[in-house]
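Quick note: the coordinates plus some simple rules give every number you see, no bench work behind them. A quick note: this is a predicted structure, and the numbers were derived from the prediction, not measured. A quick note on method: Cβ atoms are made from the backbone with ideal geometry, for glycine too, and the neighbour counts reach across all protein chains shown.
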Amino acid sequence: MSIYLHFRAVAESEIRDDHTWLAAFMSEAWDNDDAEYAAGIAHSINKGWDAVNDLFAAADAFYADPEEAWNLPIYGGRPVPHSADADPSDPPLMLLEPAGVSQAAQFLATVSFDELWNVVGARFSGLGWARQEYLEHHRDLKEFYGQAASAGHAVVKAVWA
């Protein structure tokens, strides 16, 4: 079974702060993922997003940031609560506002993947996790957040099973 963390960049003015509406918006985005990926406004990580977050958390060892910007790319944002009339099968959602998107983009643009890997590489390799896979996640998220920040967009995140 696959489970994905799906990211979608969108202008904040186009978002309704309503779980039912956002779930429908993200469902449509998921259905159009090929076109949205090509446009640079969507990204997803299959199963391993918690380990990607662990990779970024290694920045605590050398990156002095009182706001812990390393947490923004994966788990950053506020949860969007289900409304009383929401479909219980709707995915969990988070909304990262444009300021947070900019912080995430800045973090990803300045943090060194090699320095992160030096902190966690032995542990990750011992678990059978490949360096190349995490390098690709880092590069893809750096590009995605960089484009979203440049456009002044927010990022909506959904978990799909």
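Sequence gap at least 6, Cα distance under 8 Å: using those rules, report the relative contact order of the range 99-161 to the nearest whole percent.
Relative contact order for the range 99-161 comes out at 55 percent.
Take Tyr145, Tyr37 and order them by how many other Cβ atoms sit within 10 Å, fewest up front.
Tyr37, Tyr145
Using only alpha-carbon positions, what ratio does the radius of gyration of the range 99-149 give when scaled by 2.2 N^0.38 Å?
So the Cα radius of gyration is 1.24 times the expected 2.2 N^0.38 Å.
Classify the range 4-160 as rounded, prolate or oblate from the Cα gyration tensor: take a ≥ b ≥ c as the square roots of its eigenvalues, call it rounded if a/c is under 1.5, otherwise prolate when a/b beats b/c and oblate if not.
Values: a/c = 1.83, a/b = 1.63, b/c = 1.12.
Judged from the Cα gyration tensor, the range 4-160 comes out prolate (a/c at least 1.5, a/b above b/c).
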